[in-house]
Amino acid sequence: MPHSNVDAAAKGIKLGGALMVRRAASTKLVSASSHLLFRATILATLGLICLFTVHYPSLLSHSFRLSSGAGSQRAASRASHRSLLGSSSAVSYGGAAWEREVRRSAAPRRDRGLSVLVTGAAGFVGTHCSLALQARGDGVLGLDNFNSYYDPSLKRARQRLLASRGVVVLDADINNAALLERLFDAAPFTHVLHLAAQAGVRYAMRAPQTYVASNVAGLVSLFEVAAKHADPQPAIVWASSSSVYGLNKDAPFSEEHRTDQPASLYAATKKAGEAIAHAYNHIYGLSITGLRFFTVYGPWGRPDMAYFSFARSIVAGEPITLFRTADGADARRDFTYIDDVVKGCLGALDTAGKSTGSKSGKKRGSAPLRVYNLGNTSPVPVTRMVAILEKLLGKKANKRVVTMPTNGDVPFTHANVSHAARDFGYRPSTSLDAGLRHFVDWFVHYYKLDPAKIAKGKLTKKKSMAMSAAS
């Protein structure tokens, strides 16, 4: 019988015997139901853990592989079905020479320079940010698992570009806690720029577990080492996403708007990341800044992004698919040029503020917890982006227009960047015309294309196959 009923009885309140019996029976039924629900929850959780372990044993084995020259690059390219969670083979790492190389790459070359661990360093944004940090004299050590979500050869090319500037990018996974601990032992990083993630909205419908493994488990892995092993704790800046705004219809999107209606699993994992960041900031005193990127584009970009895949298809003479809403409106995106995003990332790093925790678990006080939009503030119809690409490539696209599916895409994005402008002077300045011109210049050079042959539709089969491999 509930405690309140006992108190009431003690005060002389008389209840009917039949009513007492019914309440007692009801209480027993509720108690039994609660026990059954608890047991079912425990069993379901254990089942999910077992299933996850069977499918992704690499998370438990901490497998990784250091880059070892051209031979390993060729092997990585051949492994077309390589796990999206990281390397499949394990070799030893460490030693005096290895630690010296880590320290050299991570050591700043200017007074009061930063020492930054960049995860996802061979990715699109990671490469550009690493180059910018190195160029201004900061120390940079990169980490990337070179997975096969898109052609790893492009990531290897970015890795070679960074190596030419003296930046080391290790081939390893963020779920490898042992390696992360070893890195923090070798170099006293002042900051972490965490950009490693499983990207893509539609791919989440085909491989949902990879998003949880990278965007949730990987984030926790990094936070754990930064909070409990690193001494001193670094400040962390990490990539959230504009996708967290989901079904929000208020525009422009502001950091104050609701983000509890994600339209895709990818968005849900990024929203989960923001909640996890709050917990680690509150409990362990980590200084954490989340950046919500809006449709980043530019040279060295991701082949799965629309502007990149459209350029490839236009050159190859293949059809492209454009989405329209149910009422016939064109999809619109707040396209943000990579150089503007890099300025935002560096601004966030420079103003991050110190973490206040320690390995002992004691906090000296509260630490900064921030989130910012990094967009261009000017949504453009995707059809306008295609028209610019057609002009720059000298060739018309074969367009196929369909109604937007309900698989995670949203009809528009539009960033309010007033907070970033106020706190670290973020002011995007690159127009879509100028940004796409830079991208096409790189695209033609990287794939060794002849603009005259593109315009005449005389692309060789070899070139077409090379570009197809990049998508």
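Given H placed on each backbone N at 1.01 Å, which residues far from residue 169 in sequence or on other chains put an amide H within less than 5 Å of it?
For residue 169, whose amide H was placed from the backbone, the distant partners under 5 Å are 142.
Tell me, what is a quarter of the convex hull surface for the C-alpha atoms of segment 117-162, in nm² with one decimal? Could you put the intermediate results ahead of the total?
Values: hull surface 11.2 nm².
Spelled out: convex hull of the Cα atoms, projected over all directions, averaged, 2.8 nm².
In segment 322-359, which trypsin sites (Lys or Arg not before Pro) fall in coil by DSSP and have 13 or fewer other Cβ atoms within 10 Å?
On the way: sites: 324, 332, 333, 343, 354, 359; in loops: 354, 359.
Here the trypsin sites (Lys or Arg not before Pro) that fit, given the DSSP loop and packing criteria, are 359.
In what sequence, largest accessible area first, do 151, 138 appear using a 1.4 Å probe?
Details: 151 35, 138 0 Å².
Per-residue accessible area, sorted high to low, gives 151, 138.
Kindly flag which residue pairs out of 395/453; 155/395; 228/363; 155/271 have an alpha-carbon separation exceeding 19 Å in this structure. Display every interim value, and only then the final one.
Numbers: 395/453 10 Å; 155/395 28 Å; 228/363 12 Å; 155/271 27 Å.
Listed pairs above 19 Å: 155/395; 155/271.
What is the local net charge at residue 292, summed over the other residues whose Cβ is closer than 13 Å to its Cβ (Lys, Arg +1; Asp, Glu -1)? Show your work: numbers first, answer last.
Values: positive: 270, 271, 370; negative: 255, 256, 274, 334.
Around residue 292, the surrounding residues sum to -1.
Whole-Hz Karplus ³J(HN,Hα) for segment 252-268, in order, using 6.51 cos²θ - 1.76 cosθ + 1.60 and θ = phi - 60°, x for Gly and Pro?
x, 5, 10, 4, 7, 6, 5, 9, 9, 10, x, 9, 8, 5, 3, 4, 5
Report the label-to-label distance for residue 132 and residue 202 in nanometres (one decimal), using points 7 Å from each Cα along the Cα→Cβ vector.
Those two pseudo-labels are separated by 2.9 nm.
Roughly speaking, what is the centre-to-centre gap between segment 173-232 and segment 395-430 when only Cα atoms are used, to the nearest Å?
27 Å
Using amide H atoms built 1.01 Å from N in the peptide plane, name the residues 5+ places from residue 263, or on other chains, whose amide H lies under 5 Å from its own.
Sorted by chain and number, the residues that satisfy this are 246, 247.
With a cut-off of at most 11 other beta carbons within 10 Å, and DSSP calling the residue loop, which GluC sites (Glu not before Pro) in segment 202-268 qualify? Please list them.
Working: sites: 224, 255, 256; in loops: 255, 256.
Answer in residue order: 256.
When only DSSP loop residues count, what trypsin sites (Lys or Arg not before Pro) in segment 231-318 have their Cβ near at most 16 other Cβ atoms within 10 Å?
Working: sites: 249, 258, 270, 271, 292, 312; in loops: 249, 258.
In loop regions of segment 231-318 (DSSP not H, G, I, E or B), the sparsely surrounded trypsin sites (Lys or Arg not before Pro) are 249, 258.
Order 225, 410 by their accessible area, 1.4 angstrom probe, all chains in place, largest first.
Numbers: 225 5, 410 25 Å².
Greatest to least solvent exposure: 410, 225.
The values are calculated or read from the model by the stated rules, or taken from the named source; none is laboratory data. Just so you know, these numbers come straight off a predicted model, no measurement behind them. All Cβ positions, even for glycine, are placed from backbone atoms using ideal geometry, and neighbour counts span all protein chains on display. Ligands, DNA and RNA are excluded from the accessible area calculation, which covers all protein heavy atoms including side chains. Shrake-Rupley method; radii C 1.70, N 1.55, O 1.52, S 1.80 Å.
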